[in-house]
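Bear in mind these aren't lab numbers, they're just calculated from the coordinates by the rules spelled out. Keep in mind that this is a model prediction, so the values were computed, not measured. Cβ placement follows ideal geometry from the backbone for every residue including glycine, while neighbour counts extend to all protein chains displayed.
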Amino acid sequence: MTTLHLGRNRFDVRLLPMPERPPLETVSTTVPQASKLSGLSRSTLYVLMSQGEIESFKHGRRRLIYYPSLVAWVEAQVAETTRTSQRERLEDVKRPRRRQPSTAQK
């Protein structure tokens, strides 16, 4: 039990445990926030929304991006980049490097 002193009065305060709540997950985000989160420009986000690659909806005058859709798109880009870079590394191992011609002047 914690005792709280307020001037001349003395109160006994009991601290009750907070009920456990599930963590809040972001459901939607604005275009400027999505731009800051993803590093993409606003115009790129609008192009991706018009192509249907990122889900969005309007609420009043605001355009909101469905956050899980944005995260899924970014993760897909990372996976594609990883696959591409792995493929390039395998191709580099398979083919020998050509020597660059000497540019030394005599």
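The gain in end-to-end length when the Thr82 to Lys58 segment is fully stretched comes to 5.3 nm, 0.36 nm per residue minus the alpha carbon separation. A Förster radius of 30 Å combined with the Cβ-Cβ distance from Ser41 to Glu75 puts the calculated FRET efficiency at roughly 0.95.
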